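Okay, so here's the structure we're looking at.
No value in this document is a laboratory result; all are computed from the given coordinates. Since the structure is predicted, the reported quantities are computational estimates derived from the model, not experimental observations. So basically every Cβ, Gly included, is an ideal-geometry build from the backbone, and we count neighbours across all protein chains shown.
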Amino acid sequence: MRFTKMHGAGNDYIYIDGFTEKLSADPDVLAREISDRNFGVGGDGLILILPSAHADLRMRIFNADGSEAEMCGNGLRCVAKYAHDHQLVGSTAIVVETGAGLLPLTMFTNEAGLVDRVRVNMGVPRLSRSELPMKGPATERVIDEELVVLDWPLRMTCVSMGNPHCVIFVDDIDQFPVDRYGPFIEKHPHFPSRTNVEFVQVLSRGEVRQRTWERGAGETLACGTGAAAVTVAGMLTGRTDGRLLNHLRGGDLLMEWDGQNEVFMTGPAVEVFSGDYHPC
C-alpha cells in the first residue's frame with residue numbers, strides 16, 4: 001500500500017490516496033499500526049484522501065489510538081497540497097468535505113508550482129455545551145470557568161471547531177506540565193466525547209504560544225483547530241485581538257477572526273516522503 005508522510009507545522013500524519021489505493025486493514029486498526037513511531041511509519045495519525053459527492057474531495061482522520069476525529073486543520077492543509085501537487089484537483093481554490101462540514105480553502109504555490117502555504121476557512125466556532133459536546137445546560141457557554149484538576153484550579157474556555165477544545169491560559173508555557181494535566185482534562189467527566197486541550201501563554205494582544213494535548217494522540221507539535229479555538233478563546237476572554245500570530249512547537253500559524261463569523265488559518269504544508277507499507 002502506497003503512503004505519503006506529510007506535516008503541517010510539525011503535526012505529522014500518514015496520508016493514503018483513496019483514489020488509487022486500497023487499505024490493508026480497517027482504518028482504525030491501520031491507524032494504530034502505521035502511526036507507531038517504533039514499529040510503523042510513525043505519525044500523529046492516519047488521514048485518508050477520498051472522493052466526495054459534495055466537494056472536490058473528502059478527508060477522514062484517525063488518531064494514533066485508532067479513534068476517528070472530526071477535523072484537523074494542519075491535516076487539511078496537507079490534504080490540499082497533496083491533491084494539488086498530485087493532480088487530483090485542477091484549481092488552487094477547492095472545497096474539502098470533513099467531519100466538521102464542507103470547508104473552503106485557497107492554496108499558494110512556490111516558484112516550482114508546488115503548494116507551500118494554504119489558507120483555510122475553518123468555519124464558525126460553536127460555543128454552547130451541547131455543540132462541544134459538554135455536560136451541563138445545553139445552551140450555556142463556558143468562558144473562563146474554573147476547572148479543578150489534580151487539586152489545582154485552572155480556568156477553561158471551551159470551543160468547538162467541529163471537534164472539541166478546552167483552552168487554558170497559563171503564565172509560562174515552557175514550565176507548565178502539559179503531559180501531566182493534558183490526559184486528565186482530555187478524559188474529564190465534563191467531556192463525554194473527550195476533548196483536545198490547549199495550554200496558551202499570551203505574549204501580546206497579537207501573539208501567543210501554544211502547546212496542545214490532542215485527544216487520542218498526546219502532545220503534538222501543532223494543532224490547527226486548536227489554534228482556531230485559541231483565537232476565539234482569546235477574544236472571548238479579552239486577552240487577545242482577532243488577528244493572531246500563534247507560535248506552536250512545530251511552526252507558526254496566522255489566525256484571523258472577526259468575533260462573529262468564520263475563523264481563517266494560514267500555514268505551511270510539507271510533503272516529507274512516500275513509500276510502500278507492508279503490514280506484518
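Cα-based Rg of the chain per 2.2 N^0.38 Å, rounded to two decimals?
Computed over Cα atoms of the chain, the ratio equals 0.96.
Rank-order 200-206, 37-43 by packing density, defined as the average count of other C-beta atoms within 10 Å over each peptide's residues, highest first.
In descending order of packing, they fall as 200-206, 37-43.
Springs between alpha-carbon atoms under 10 Å, Gaussian network over the chain: tell me which of Asp179, Asp44, Asp17 tops the mean-square fluctuations.
Comparing Asp179, Asp44, Asp17 in a Gaussian network model of the chain, the most mobile one is Asp179.
For the range 25-114, which GluC sites (Glu not before Pro) are in a loop by DSSP, counting at most 15 other Cβ atoms within 10 Å?
Glu111
Along the Cα→Cβ direction, 7 angstrom out, place labels at Asp174 and Asp241. What is the inter-label distance in nm?
2.7 nm
When His7, His190 are ordered from fewest to most other Cβ atoms inside 10 Å of their Cβ, what list results?
Ordered from fewest to most neighbouring Cβ atoms within 10 Å, His7, His190 come out as His190, His7.
I need to check one value: relative contact order of the chain, counting alpha carbon pairs closer than 8 Å and at least 6 residues apart, in percent.
20 percent
Would you mind telling me the antiparallel percentage of the DSSP bridges in the chain, rounded to 5?
Roughly 80 percent of the beta bridges in the chain run antiparallel, per DSSP.
At Asp116 and Ser52, where each label point lies 7 Å from the Cα along Cα→Cβ, what is the point-to-point distance in nanometres?
It is 2.7 nm.
Take Lys135 and Glu21, extend 7 Å from each Cα along the Cα→Cβ direction, and tell me the distance between the two endpoints in nm.
It works out to 4.0 nm between the two label points.
Tell me, what is the percent relative contact order of the range 129-261, built from C-alpha pairs under 8 Å that lie six or more residues apart?
Computed over the range 129-261, the figure is 19 percent.
Running a GNM on the chain with Cα contacts under 10 Å, which residue among Val197, Val148, Val159 ends up with the highest mean-square fluctuation?
Val148
Determine the distance separating the Cα centre of the range 217-280 from the Cα centre of the range 57-82; give it in Å without decimals.
13 Å
Helix-only mean residue ellipticity at 222 nm, the chain, DSSP H runs n ≥ 4 weighted -39,500 (n - 2.57), per residue, nearest 500. What is it?
Per the formula, -5000 deg cm²/dmol.
Starting from the Cα of Lys187, draw a straight line to each of the lysines and keep only those under 19 Å, dropping any in the same chain fewer than 8 residues away.
Reachable lysines: Lys135.
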